[in-house]
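Asks: My questions will all concern the structure given below.
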Amino acid sequence: MSLIKHISSHDGRLGERPTAAAPSRGHVSEAEPSATQEDFFGHFFSTPETAHIRKKNQSIRDANDAVSLIQVADEGLDSTTTALSRMRLFSIPVPDDTTQNSVERLTEQLGLTEEIWTIAQKTVYNNQHLLNGDVKRQLYSVGEGPENLLSITIEDIGGMALDLQQQIGAVVRRESTLGRQAVAEAQQMLIDEMLGTVVQIRTTLDGLQTRFAEAIRRLQQSSDETLRAGQRIADVAVAIELSTLTRDTIREQAEESLPIQANQQPQLSMQLLQ
């Protein structure tokens, strides 16, 4: 069977794409602040610092959640890069190439596009598909106020795999008019275009991960400083309370002893007269 007939028999589709799960963002952190830090102030009294430190801890959880999402997405993108690099190798013609060899290389390429599509389906975090275009302008907090929100967007890698498969098929069908070398160059151009997109996505996510990591460090440092300041305030408050309690106890004891002493003095005088 000729190469053109082979690609014509392939409909260029991978089947129905399953409906992706609805985006779900749970605040799962690998290093959540301790409950002691969050509830320390409330044990003594409510202060503005209490709400402040809790907001910082929530931002830390948000940033940790974003870092985890990025790491999972990058694993899928790394596998995608490997598959695309293999596709590029299969697009390079070899000397004395035969139609059978070309068909085999094309079959490998089509199989790798299916592999990329499968990677996109399996790259999931918190029940959300990360490489199917579901992550769009997803906001994560790195501090208080809207100016401290970072947005994550990841393009539809699964959809790109479908498009690449169809584009490669369209190029191969024109082999009789373009020539085998021109077809190979066109395939390489298409693969390089998707490779460039994936590399750009990974670069952007790497930059975001660095910013989230820096925000976590800054927020944790600020939270610790606020906590230490609160502990000093609490220590002073406890000392004052203990001092006040001791003073009041002594005063109560003194007030209770005065009537007793007054009653004892007449009885003592009568005993002396007897």
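The values are calculated or read from the model by the stated rules, or taken from the named source; none is laboratory data. Note that the coordinates shown come from a computational prediction; the quantities given were computed from them, not determined experimentally. Heads up, the Cβs are rebuilt from the backbone with ideal geometry, glycines too, and the neighbour counts pull from every protein chain shown.
Asks: Being in a loop (DSSP other than H, G, I, E, B) and not aliphatic (A, V, I, L, M) is the filter here; which residues of region 117-141 pass it?
Replies: Within region 117-141, Thr123, Asn126, Asn127, Gly133, Asp134, Lys136, Arg137 meet the criteria.
Asks: Another question, then. Which of the residues that make up region 150-166 are surrounded by fewer than 19 Cβ atoms within 10 Å (Cβ to Cβ) and assigned to a helix (DSSP H, G or I)?
Replies: If the condition is that a residue be surrounded by fewer than 19 Cβ atoms within 10 Å (Cβ to Cβ) and assigned to a helix (DSSP H, G or I), then Gly159, Asp163, Gln166 are the ones that fit.
Asks: Residues to consider are Glu144, Glu108, Glu114; find the one that is over 15 Å from Ile201 (Cβ atoms) and in a loop (DSSP other than H, G, I, E, B). Full working, then the answer.
Replies: On the way: Glu108 fails: in a loop (DSSP other than H, G, I, E, B); Glu114 fails: in a loop (DSSP other than H, G, I, E, B).
So the residue among Glu144, Glu108, Glu114 that is over 15 Å from Ile201 (Cβ atoms) and in a loop (DSSP other than H, G, I, E, B) is Glu144.
Asks: Here's something else I'd like to know. Working carefully through the options Thr226, Thr197, find the one that is among the polar types (S, T, N, Q), surrounded by 13 or more Cβ atoms within 10 Å (Cβ to Cβ), over 19 Å from the mean Cα position of the chain (by Cα) and modelled with pLDDT under 70.
Replies: Being among the polar types (S, T, N, Q), surrounded by 13 or more Cβ atoms within 10 Å (Cβ to Cβ), over 19 Å from the mean Cα position of the chain (by Cα) and modelled with pLDDT under 70 holds for just one of Thr226, Thr197, which is Thr226.
Asks: (1) under 18 Å from Gln181 (Cα atoms); (2) surrounded by 23 or more Cβ atoms within 10 Å (Cβ to Cβ): which one isn't true of Gln100, the others all being true?
Replies: Evaluating Gln100 over (1) under 18 Å from Gln181 (Cα atoms); (2) surrounded by 23 or more Cβ atoms within 10 Å (Cβ to Cβ) leaves (2) as the failure.
Asks: For region 54-70, give me each residue that is of a type in the set (Ser, Thr, Tyr) and surrounded by fewer than 21 Cβ atoms within 10 Å (Cβ to Cβ).
Replies: Ser68
Asks: Continuing with the same structure: Inspect region 115-127 for any residue being closer than 29 Å to Lys56 by Cβ, at pLDDT 85 or above, among the aromatic types (Phe, Trp, Tyr) and surrounded by fewer than 22 Cβ atoms within 10 Å (Cβ to Cβ) and give the result as yes or no.
Replies: Within region 115-127 (the criterion being closer than 29 Å to Lys56 by Cβ, at pLDDT 85 or above, among the aromatic types (Phe, Trp, Tyr) and surrounded by fewer than 22 Cβ atoms within 10 Å (Cβ to Cβ)), the answer is yes, since at least one residue qualifies.
Asks: Does region 85-107 contain at least one residue that is under 29 Å from Ala215 (Cα atoms) and not hydrophobic (A, V, I, L, M, F, W, C)?
Replies: Of the residues in region 85-107, the ones under 29 Å from Ala215 (Cα atoms) are none.
No - not one qualifying residue is present in region 85-107.
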